[in-house]
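Participant: One structure, as structure tokens, below. Some questions next.
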Amino acid sequence: MKFGRISIALKKFDWALYITICLLAILGLILIYSVALGSQVDQNYLNFKKQIAFFIFGALLVLFIALFLDYRALIKYNTALYGLGIILLLAVLFFGKTIRGTTGWFNLGFFSFQPIEFVKIFLLIFLSKFFSDKAKYIGQFKYLILSGLGVILVMVLVVLQPDFGSALILLIVWLVLILLTGIKKSHLLLLGSIFIIICLMLWFFIFIPYQKERIKVFLDPSLDPLGSGYNVTQAMIAIGSGQVFGKGLTAGSQSQLRFLPESQTDFIFAVLAEELGLIGVLWLLGLWTIVFWRLIRTAKQVTNNFALYLIISIGALFFTQLIINIGGNLGLLPITGITLPFVSYGGSSLIACLMMVGLIESINVRN
């Protein structure tokens with residue numbers, strides 16, 4: 001790209017969106033550092049140092065590479081990217097590293113790479129291309145099924161890891177797209193009926209006793225407060241104890257004394273609420289409000305359907321992860337292992353999220 005074009009692109013660059021997601025990432029770094037400093041679990045601050053490296057690499061390189069690459073080129077390669085995603089998901093089942101019972105990482109020595117975070121992007125591109133071409137035909141049941149088959153194949157491979165949280169997110173994003181595109185009520189009822197039947201079959205014929213127990217404990221954590229319900233119980237205690245102003249960084253008893261498990265990933269929202277209180281929670285939600293406002297602003301200005309569906313699907317993915325993570329911390333939704341975008345520790349997740357923001361910026365500068 002010539003210097004003149006770079007200058008024009010930077011002028012059209014959505015700096016408000018960029019600064020906001022950087023502030024979210026910095027908030028995550030502060031919380032990760034606080035947990036490491038107070039608990040002394042990570043005495044060398046290795047996770048904190050890794051997250052800084054991932055943030056710099058993603059925010060200063062990956063995001064801007066996605067910006068300067070014309071997003072419209074993805075239309076041509078959407079099928080190839082989808083195929084690459086399937087290959088990665090198959091490969092991780094055979095050659096992947098198992099962490100906390102999930103075989104979802106490639107071990108690259110100095111860090112682990114989680115392919116599902118990038119496969120999500122490939123699937124969003126694939127679905128955006130499909131819906132931009134078939135939007136006017138989506139009322140026909142066969143096109144609805146065709147779009148669903150692409151999602152189901154990815155979901156099956158993800159469930160085999162098993163990673164039910166990521167599979168649920170992909171399903172919700174697909175549902176958002178078909179609802180916004182326009183689906184007949186009869187088709188919606190049919191899909192709902194199929195879903196209920198599948199759930200009943202899973203409950204009576206597939207789920208083993210401990211899986212049923214986890215669902216029961218989700219509905220009532222007090223059934224097993226020291227077992228399956230321990231995590232969510234400790235998270236709720238941490239959130240409630242923060243009150244308005246919080247206990248202060250490194251001063252949270254639940255997070256610093258290791259009562260709260262996975263405090264840098266799944267339950268980082270509980271750390272935020274305990275140490276920074278309601279003020280910190282409102283700060284987090286305020287930043288996310290700005291992110292969604294900028295996405296809506298860009299969506300209103302786009303001139304082609306592919307860009308519109310890509311923005312909608314990325315926004316739906318961010319919103320779903322946000323709701324599932326916070327809802328799990330509050331005991332309103334099951335704990336699925338879904339991290340808080342930009343905030344939780346995790347290099348693959350952070351870089352993938354920054355890549356999606358780069359695609360949004362690419363759309364923004366080329367309207």
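Rule-based calculations on the coordinates, nothing more; no lab input. On a predicted model such as this, the values are computed, not experimentally measured, just so you know. Positions of Cβ are backbone-derived with ideal geometry, glycine not excepted, and every protein chain shown enters the neighbour counts.
Participant: Tell me, what ³J(HN,Hα) does each residue in the stretch 120-133 have, in order and in whole Hz, if you take phi through Karplus 6.51 cos²θ - 1.76 cosθ + 1.60 with θ = phi - 60° and put x for Gly and Pro?
Facilitator: Karplus-based 3J(HN,Hα) across the stretch 120-133 equals 4, 5, 4, 5, 4, 5, 4, 5, 4, 5, 4, 6, 5, 7 Hz.
Participant: Okay, moving on. Between LEU170, LEU127, LEU144, where does the largest GNM mean-square fluctuation fall for the chain, given springs only between Cα atoms within less than 10 Å?
Facilitator: Fluctuation is largest for LEU144.
Participant: May I pose another question? I need the fraction of alpha carbon pairs in the stretch 88-145 separated by more than 20 Å, rounded to a whole percent.
Facilitator: 46 percent
Participant: Just the Cα atoms of the stretch 252-305, one point each, no solvent: what log10 I(q)/I(0) does Debye give at q = 0.19, 0.22 Å⁻¹?
Facilitator: After summing over all Cα pairs, the log10 values are -0.69, -0.80.
Participant: Sticking with this structure for a sec: Taking amide H atoms as placed 1.01 Å from N in the peptide plane, list the residues 5 or more away in sequence, or in a different chain, whose amide H sits under 5 Å from that of THR103.
Facilitator: For THR103, no residues qualify.
Participant: Sticking with this structure for a sec: Starting from the Cα of LYS142, step 7 Å along the direction of its Cβ; do the same at LEU190; then give the gap between the two resulting points in nm.
Facilitator: 1.3 nm
Participant: Something else about it: Step through the residues of the stretch 359-365 one at a time and calculate ³J(HN,Hα) from phi using the Karplus curve (6.51 cos²θ - 1.76 cosθ + 1.60, θ = phi - 60°), rounding each to whole Hz and writing x for Gly and Pro.
Facilitator: 5, 4, 5, 4, 5, 4, 7
Participant: Obtain the nm distance between the two label points defined at PHE204 and LEU160 by a simple spin-label model: each point lies 7 Å from its Cα along the Cα-to-C-beta direction.
Facilitator: 2.8 nm
Participant: Between LEU153 and ASN107, with labels modelled 7 Å along Cα→Cβ, what's the label distance in nm to one decimal, could you check?
Facilitator: Spacing of the two 7 Å Cα→Cβ label points: 3.1 nm.
Participant: Please build a GNM for the chain, connecting alpha carbons under 10 Å apart, and tell me which residue among VAL244, VAL271, VAL154 fluctuates the most.
Facilitator: VAL244
Participant: Still on this structure: Between GLY109, GLY277, GLY328, which gets the highest mean-square fluctuation from a Gaussian network model of the chain, Cα cutoff 10 Å?
Facilitator: Residue with maximal mean-square fluctuation among GLY109, GLY277, GLY328: GLY109.
Participant: How high is the relative contact order of the stretch 29-179, in percent, counting Cα pairs under 8 Å that sit 6 or more residues apart?
Facilitator: Reported as a whole number, the value is 18 percent.
Participant: Is the chain rounded, prolate or oblate when judged by the Cα gyration tensor, a ≥ b ≥ c being the square roots of its eigenvalues, rounded requiring a/c under 1.5 and prolate requiring a/b larger than b/c?
Facilitator: Note, shape of the chain comes out oblate.
Participant: Return the whole-Å distance between the Cα centroid of the stretch 130-184 and the Cα centroid of the stretch 41-86.
Facilitator: Their Cα centres are 24 Å away from one another.
Participant: Listed highest first by mean packing, meaning other Cβ atoms within 10 Å per residue, what order do 260-269, 50-59 come in?
Facilitator: Peptide ranking by packing, descending: 260-269, 50-59.
Participant: Using 25 Å as the Cα-Cα cut-off, could you pick out the over-long pairs in LYS12/LYS120; LYS134/LYS184; LYS50/LYS97?
Facilitator: Violating the 25 Å limit, Cα to Cα: LYS12/LYS120.
Participant: When the Karplus curve 6.51 cos²θ - 1.76 cosθ + 1.60 is applied with θ = phi - 60°, which whole-Hz ³J(HN,Hα) does each residue of the stretch 91-98 get, with x for Gly and Pro?
Facilitator: Here the 3J(HN,Hα) series is 5, 5, 5, 9, 10, x, 9, 8 Hz.
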